[in-house]
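Every read-out reported here was derived from the displayed coordinates using simple, explicitly stated rules and does not represent laboratory data. These numbers come from a predicted model, not from an experiment. Using ideal geometry, Cβ is built from the backbone for each residue, glycine included, and neighbour counts are taken over all protein chains shown.
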Amino acid sequence: MAHVLEYANRRVNQSDPLFGRDLGFLLFVAAVLAGRSLYTWSHRAGGGTLIMVGGGYVLQRSLVLTGRAGPRLARRGPRPTCSAWPRC
């Protein structure tokens, strides 16, 4: 937090003609907005990646969502050949 305050108090010694504030303040606001935008973008990209990977598992039928016990990973290998398959 101290680093942010130090950055906010930096002076450029030129005032903005529109608002009359030091240009250092506007640079600080621009940096905060850029950081916020980067933070939001990275979280959206990460969330989208998780959704895409989960969708891939469902489409490959590696993740089964329709079971009595809830979602589970699909079984690999040969299935039993008895008539009452789930309870063999």
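Computed quantities for the displayed model
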| read-out | value |
| --- | --- |
| Two-site label geometry, LEU38 and LEU26: point separation in nm, points 7 Å out along Cα→Cβ | 2.2 nm |
| Derived scalar couplings ³J(HN,Hα) [the stretch 53-65; Karplus, 6.51 cos²θ - 1.76 cosθ + 1.60; whole Hz; x for Gly, Pro] | 5, x, x, x, 5, 5, 5, 7, 6, 7, 10, 9, 9 |
| The stretch 36-41 - phi-based ³J(HN,Hα) in whole Hz, Karplus 6.51/-1.76/1.60, Gly and Pro as x | 5, 5, 5, 4, 5, 4 |
| Neighbour cut-off at most 16 other Cβ (10 Å), DSSP loop, trypsin sites (Lys or Arg not before Pro), the stretch 23-70 | ARG61, ARG68 |
